[in-house]
Every structure is written in C-alpha cells, then in structure tokens.
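The values are calculated or read from the model by the stated rules, or taken from the named source; none is laboratory data. Note that the structure is predicted; figures quoted are calculated from it, not measured. Ideal geometry is used to build each Cβ from the backbone, glycine not excepted, and the neighbour counts take in all protein chains shown.
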Amino acid sequence: MSTGRILKDRIAGKSVWLVTLFSGLILFLIIVGLYLKSAPILHSHSLSDLLFESKWKPGKNQFGFLPYILSTVYVTFISLVIAVPLCVLCAIYMSEYANKKVKGFVTSLVDILAGIPSVIFGIWGIILIVPFISNKLAPAFGHEDSTGYSILAGGLVLAVMVFPIVIHIMLEVLRTVPVELREASLSLGANKWETIKKVVLRKAAPGISAAIVLGFSRAFGETLAVLMVVGNTALIPKSLFDSGYPLPALIANNYGEMMSIPLYDSALMFAALLLLTVILVFNVIARMVIMRLEKQMI
C-alpha cells in the first residue's frame, strides 16, 4: 500500500517537473526563433545603429528603432503613473472601507472591465479621449495644433485597460494581510489610516509590487487599443501631445507588407525580440526587488 503511494507521488512529481520544464522550453524556443529571424538585420546593421538611430526608411535600408522604443516607454510610463495610484487607492477602499454591497458591485464592474475587448477601448479613446485632448487639454498647454492622437491618449487608454488586473491582484494581496496585525496596530492607538499606511501597505508591499509588474507587462505589449489612438508617426515624441509609434503597433501595422522590401521581415522580428527582451529584463529586475522586499518584511 505504501509502495503504491510512493510510486504515485513520484509520478506526480515527475509530471509536474515535466510541465514546468515544457513551459520554460516554450519561452526558450520563442526567443531562439525570434533571434534566428532577426539574424539578417543584426548581421547587416550594428546593434547601436538599430537602437539609437531615428531614421526609419526601409526602402533605403535604414532601420532606426529609437522613435518606436521611446514611444513604447513613454506610453507605458504614462499609463502606470495614472493607473498605479488610482489602483492602490481603489484596492485600499474596497479592502478596508467598503461594505459588502459596495464591494460586490465594484468587483462586478471591474470584472466587466476586464472582459471588454481592446478594440472597444480603442474606439472609446477615439470618441472621447482624442477629442478631449485636441479641443481642451492640448490648447490649455499651448499645443493648439495637436490632433489629439498622441502618446498621452495612448497612456490614458492603456491606464484604463490595466485597472482590472492590477486592482484584482492588489485586492488579493491586501486580503492576505492577517487581521491580527490590524487589530494590534489599532490597540496601540493608531487610527485606521495609520494602520493601513504603516502596517497593511508595508506588509503587502511585495505583492503590490508584483501587481505593478504584471500591469507594466500587460501595458508594454498592448497593440490594438494603443494603435488606434497614438497617431502612428515614426518621430521621436517631444511632448505628451505629440504622436508616437510603439513597437507593438509597428509590428501590427507593417507585418503584411514586409515581403516586398529586403530585411523588412527581419526588422519586424527584431522589434518583437526587442519587446520580449525588455519585458523579460524588467520582470527579472522587478522579481529581484520583490525578493528583497520580502526579506526585509521577515
């Protein structure tokens, strides 16, 4: 009887190990495949030229990715600057202040928001965000010639898109903080907000950081909604009201045209490799920060 249990345990352990190995192997194969497809342009152009040149003229064999890289970074940064404080405050309210009816209602709205297709967010951005920036916000800051299709519009739309995933993860993290910690803080004379700020948020800091990382990863690779509102101009944005052209939009817009121009397909594969590399590096760095926070909390 015990031998059978040991055998089943070993089989289960090996099965889980194989599934885990297969998951890592998929990522490795994706990286290798993108690198092999990117090899022609990497051999014909130096990496510094590809990353730091701003001229994008495939017909003249000029592939400068700097405008696309900066547009991607700017849109993502704007979205997180907007989304992170709002998500943290919303999660705190739902976890610490809201009653069951309000919590259930807001949770349902967040779930619905998570299920909306990205193209709907893009249309919403075109109907509301772009005109608001063009007619109200940009002129107020001295940019009367702005069309509204800008990195700011992309950042606003993207911020709304990352709300559901970040709020859900933050809620789950805040729920894991033991009630005893809250009660101990209150018993020592701290008020509710002081308890949240100095006890709950400190204890939940690693999980909140993980939620922000996931939100960043979600924002960094978003394509359709951003493509519809960002303007798609291959120039380095000089202000929030300038058009941009993120890497995902570059790939989505031009992939069908790549066959007629030499090295164009390789350039787009390099864009995909670059996007994946940045996400991986950021996640590794963020994971190291989270581990350090976890050690400090012990």
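The number of residues in the stretch 130-151 being crowded, with 19+ Cβ neighbours inside 10 Å, of a type in the set (Gly, Ala, Ser) and assigned to a loop (DSSP other than H, G, I, E, B) comes to 3.
Residue 57 meets the conditions (1) surrounded by 15 or more Cβ atoms within 10 Å (Cβ to Cβ); (2) touching a strand residue (DSSP E or B) at 6+ places or on another chain (Cβ under 9 Å) in every case but one. The failed one is (1).
Here is a list: 120, 127, 92. Which entry is surrounded by 19 or more Cβ atoms within 10 Å (Cβ to Cβ) and either part of a helix (DSSP H, G or I) or in contact with a strand residue (DSSP E or B) (Cβ under 8 Å, 6 or more places away or on another chain) (or both)? One residue alone meets the criteria, 92. Has the stretch 39-55 got any residue that is in contact (Cβ under 8 Å) with a residue 40 or more places away in the chain, in the same structural domain as residue 103 (by TED's automatic domain parsing), at negative phi and not in a helix (DSSP H, G or I)? Yes, there is a match, as at least one residue in the stretch 39-55 is in contact (Cβ under 8 Å) with a residue 40 or more places away in the chain, in the same structural domain as residue 103 (by TED's automatic domain parsing), at negative phi and not in a helix (DSSP H, G or I). Sub-8 Å Cβ pairs linking a first residue in the stretch 256-285 that is among the hydroxyl-bearing types (Ser, Thr, Tyr) to a second residue that is at pLDDT 80 or above and assigned to a loop (DSSP other than H, G, I, E, B), at least 6 apart or interchain, number zero. Comparison of 106, 75 shows that the only residue that is among the hydrophobic types (A, V, I, L, M, F, W, C), touching a Gly at 6+ places or on another chain (Cβ under 6 Å), in a helix (DSSP H, G or I) and in contact (Cβ under 8 Å) with a residue 12 or more places away in the chain is 75.
So that you can scan it fast, the table gives a plain yes or no per residue for (1) under 30 Å from residue 41 (Cα atoms); (2) of a type in the set (Phe, Trp, Tyr):
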| position | (1), (2) |
| --- | --- |
| 77 | yes, yes |
| 89 | no, no |
| 113 | no, no |
| 116 | no, no |
| 141 | no, yes |
| 161 | no, no |
